[in-house]
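What follows is a set of notes on a single structure, which appears directly below.
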Amino acid sequence: QVQLVESGGGLVQPGGSLKLSCAASGSGFTMNALGWYRQAPGKERELVATYGSDASTHYADFVKGRFTISRADARNTVNLRMDSLKPEDTAVYYCKAEVFFFGEAMATLVDYWGQGTQVTVSS
């Protein structure tokens, strides 16, 4: 199995910055891609940013130019740098890992989710 642990959430003022980190651990898998999602109260979970196996990145329009996703020195760690935070960025932020499990004749691609970390932007 795969375990994901997020850290770095907290309370910040509008215009402030915050960095989230996610570390994946476990055995029997090969990491493929990592990403960040968020869910505000009463809202659907939405994509924030992804980091592909080829180091390609994708950002939602509402964070492009403000957030930066990066892969840390540890292969199974991903960070999200958040700048110019707005009150509407308030949400629980979730890390997602896309991993391969190898069987007798094929590989299976599976998504795993962390528990989430709260980000609150308020004055």
Sequence order, the stretch 103-118: Karplus ³J(HN,Hα) from phi using 6.51 cos²θ - 1.76 cosθ + 1.60, θ = phi - 60°, Hz rounded, Gly and Pro as x, gives x, 5, 9, 7, 10, 10, 9, 9, 9, 10, 10, x, 7, x, 9, 7
Kirkwood Rh for the stretch 1-49 from C-alpha pairs, in Å, is 13.3
Carbon and sulfur atoms account, in whole percent of the 1.4 Å probe accessible area of the chain, for 48
The chain: antiparallel bridges as % of DSSP beta bridges, rounded to 5, reads 95
Within the stretch 56-123, DSSP-loop trypsin sites (Lys or Arg not before Pro) with at most 13 other C-beta atoms within 10 Å are 64, 75
The chain accessible area per residue, 1.4 Å probe, protein heavy atoms, integer Å², reads 54
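The values are calculated or read from the model by the stated rules, or taken from the named source; none is laboratory data. Note that the structure is a prediction, hence the values are computed from the model and not measured. For neighbour counting, all protein chains shown are included, and Cβ atoms are generated from backbone atoms with ideal geometry for every residue, glycine included. Areas reflect the complete protein model, heavy atoms only, side chains present, ligands, DNA and RNA absent. Shrake-Rupley method; radii C 1.70, N 1.55, O 1.52, S 1.80 Å.
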